[in-house]
């Protein structure tokens, strides 16, 4: 791919400070030599974006919308090729990669629609003494340079969730993609160029996160920082960013509750959705189902159903059409998960299925009797592992679901309206999904968490408004009479 060994700054390919080999997670073969930016090159990208902002902030909304719609069409035209790029560099099975490209198209279309519909509100000034004879309203204005640091697991769509809203708002962007998946981001350079985006609005600088995070969060020209990744790095970014606005999409260990009262057919359907929600892309999804609490009357049957579906999943090369499970992103992830499963088993957990490693592939694993203080109960697995436990009381199930430092999405299956309402009120998460798995997400919904799952919200329109300043404007009538 043209440009994979270079940086994209001010609408041109720029020689990188060094080259780093990029491996296919499944085969281990080197698929590219990726150019990494130095700190000085990151500064140059930020300063280029700042200069460009002075003009781009005046580009009308319809024109920004047209660019975003055009890039969505260009991505759709190259969907097959782009899905293969995702599969090669991330190890994501091809059918899941195709789904990601389809969602990416939708995300940019939502951004185009949002750009056309930026609106403020009137302010009733005469509601307070001395406010009479004033007419006031708010306007939303772009902030400036947005720095975006993105993860490996959705290398096109999570980039779109940062780049799309930034452009819709009238900002400029410096994008640092994940070290494992830079190719899916670099391809955007030509796509946005062909869509008519002015040079310097989007700058793409692969690089080492440890080396570049400080300049990307502290440079005086940076107005807004958006990051998706680990809580550890999120806390560092928050500390570095100072008074800048920051959106942090961090970790999770999503809980799901299954109440009593479901018949066999209904339980089978929930089990189908559970297997998809727990094991899609090898569980490397922020809202992958990790902890399941099932009413004791259904516990044995449901556990067997989920285990049987886990055993059915096809393991193989991500480029094979029928592959469901492939390699984890790197050996470190394999070693960590293997250690956590061993620790859980050593302290009383039972393996229903899985707990097998082939190279970098971890077979889908279902565990029961996992202690609540085990890593797999408390931390984010980010792999194909799900824990199942019984409960007798709905309130106790909610309490156990909340026993986590994370709070992104939670799912609750119930036919009892009182139980459903109680879950919406008491589950301490950014989203509560009734009769839906917590892995569910559509790209226009507000998405974000509480506690160590982060701050701020994505979902195109919500992110766009976060990336804008609110200005209050007031006119006084009769000031000189």
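The values are calculated or read from the model by the stated rules, or taken from the named source; none is laboratory data. Not measured: the values here are computed from a predicted model. Note that we place each Cβ from the backbone using ideal geometry, even for glycine, and neighbour counts take in every protein chain shown.
Remarks
- Note on the stretch 14-30: among residues that are in a strand (DSSP E or B) and free of Cβ contacts under 8 Å to residues at least 60 places away in the same chain, the one that is farthest from residue 176 (Cα to Cα) is 30.
- Condition check for residue 184: at pLDDT 95 or above, under 20 Å from residue 111 (Cβ atoms) and in a helix (DSSP H, G or I): yes
- Yes/no for residue 69 being part of a helix (DSSP H, G or I), out of contact with any helix residue (DSSP H, G or I) (no Cβ under 9 Å at 6 or more places or on another chain) and surrounded by fewer than 19 Cβ atoms within 10 Å (Cβ to Cβ): no
- Residues of the stretch 140-159 that turn out to be closer than 23 Å to residue 210 by Cα and part of a strand (DSSP E or B), as a count: 5
- Residues of the stretch 1-34 classified as modelled with pLDDT of 95 or more, under 23 Å from residue 198 (Cα atoms) and either crowded, with 16+ Cβ neighbours inside 10 Å or touching a strand residue (DSSP E or B) at 6+ places or on another chain (Cβ under 7 Å) (or both), total: 10
- Within the stretch 292-311, not a single residue is touching a strand residue (DSSP E or B) at 6+ places or on another chain (Cβ under 9 Å), in a loop (DSSP other than H, G, I, E, B) and in the same structural domain as residue 260 (by TED's automatic domain parsing).
- Taken across the stretch 93-105, residues that are surrounded by fewer than 22 Cβ atoms within 10 Å (Cβ to Cβ), touching a residue at least 60 places away in the same chain (Cβ under 8 Å), within 19 Å of the chain's Cα centre (by Cα) and more than 27 Å from residue 333 (Cα to Cα) do not occur at all.
- Some residue of the stretch 388-398 being under 28 Å from residue 318 (Cβ atoms) and either in contact (Cβ under 8 Å) with a residue 24 or more places away in the chain or in the same structural domain as residue 423 (by TED's automatic domain parsing) (or both): yes
- Flag: residue 195 does not match the condition of being in contact with a strand residue (DSSP E or B) (Cβ under 9 Å, 6 or more places away or on another chain) and touching a residue at least 24 places away in the same chain (Cβ under 8 Å).
- Of all residues in the stretch 224-251, those that are surrounded by fewer than 20 Cβ atoms within 10 Å (Cβ to Cβ) and either outside any helix (DSSP H, G or I) or not assigned by TED's automatic domain parsing to the domain that holds residue 166 (or both) total 5.
- Number of positions in the stretch 410-442 that are over 23 Å from residue 275 (Cβ atoms), crowded, with 16+ Cβ neighbours inside 10 Å and touching a residue at least 60 places away in the same chain (Cβ under 8 Å): 1
- Matching residues in the stretch 112-139 - criterion: being exposed (fewer than 14 other Cβ atoms within 10 Å of the Cβ) and assigned to a helix (DSSP H, G or I): 126, 127
- Within the stretch 252-262, considering residues that are under 20 Å from the mean Cα position of the chain (by Cα) and not in a strand (DSSP E or B), the one farthest from residue 37 (Cα to Cα): 254
- Selection count, the stretch 342-369, where residues are within 20 Å of residue 289 (Cβ to Cβ), touching a helix residue (DSSP H, G or I) at 6+ places or on another chain (Cβ under 7 Å) and part of a loop (DSSP other than H, G, I, E, B): 3
- Residue in the stretch 383-395 that is modelled with pLDDT of 95 or more and within 16 Å of residue 435 (Cβ to Cβ) present: yes
- In the stretch 218-232, the residues that are touching a strand residue (DSSP E or B) at 6+ places or on another chain (Cβ under 6 Å) and within 15 Å of residue 176 (Cα to Cα): 222, 224, 225, 226, 227, 228
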